[in-house]
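The values are calculated or read from the model by the stated rules, or taken from the named source; none is laboratory data. Since we're looking at a predicted model, the values are computed, not measured. Using ideal geometry, Cβ is built from the backbone for each residue, glycine included, and neighbour counts are taken over all protein chains shown.
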Amino acid sequence: MRTLISILFCLSVSLAIGTEKVTSFAVSPKVVELLESYCFSCHDAESKKGDVRLDNLETLALKDRLDLLNRVQEQIFIKEMPPKKKKTQPSDTERQQLYDWMSAELRKHNASKFEELAWFREYLR
Ligand code: HEC
């Protein structure tokens, strides 16, 4: 019985690794462009403000990436980032483009914490 359980365990682990490989990840060119214009000056390898780096999303483990995308989505939604004092601000359309892309990525993995919250707030009203 034990062997069977460990075989099943190995199988599910390798399946999980398998699917992770299949769902390859790439940041859409438009989003890269927006992040470059509005975020990289403070969030790249050199200046990791608030310990946040946005130029290496592709290299992160899935869980770390989803955590980060959740934080980014929230910042964009509440318009805290880029900081208000910064002169170059994304337009509403550009914000929406960023937000939509984050949503789609998070939804693929059923991992949008923020939208759950937004939905819940709506529900409470
Ligand atoms: C002028 C510099 C600057 C720019 C430009 C900037 N940020 Fe930030 N960001 C900061 C600083 C400083 C912090 C850490 C302190 C704070 O939270 O206010 C931060 C923190 C963050 C955090 C972590 C917040 C948290 O509480 O989890 C995220 C996510 C983030 N930024 C995303 C972005 C995104 C996305 C953009 C572009 C749309 C952006 N930032 C542009 C300076 C900047």
Check A111 against each of (1) in a helix (DSSP H, G or I); (2) at pLDDT below 95; (3) surrounded by 14 or more Cβ atoms within 10 Å (Cβ to Cβ) and name the one condition it does not meet.
(1)
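Name the residue, out of L106, L54, L34, that is in contact with a strand residue (DSSP E or B) (Cβ under 7 Å, 6 or more places away or on another chain) and either near the ligand (Cβ under 9 Å from one of its atoms) or not in a loop (DSSP other than H, G, I, E, B) (or both). Walk me through how you get there before you give the answer.
Values: L106 fails: in contact with a strand residue (DSSP E or B) (Cβ under 7 Å, 6 or more places away or on another chain); L34 fails: in contact with a strand residue (DSSP E or B) (Cβ under 7 Å, 6 or more places away or on another chain).
Residue meeting the stated conditions: L54.
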When you check D67 against the structure, is it within 13 Å of the ligand (Cβ to nearest atom) and at positive phi, yes or no?
no
Taking segment 62-85 and the residues there that are assigned to a loop (DSSP other than H, G, I, E, B) and surrounded by 12 or more Cβ atoms within 10 Å (Cβ to Cβ), the one that is modelled with the lowest pLDDT would be K79
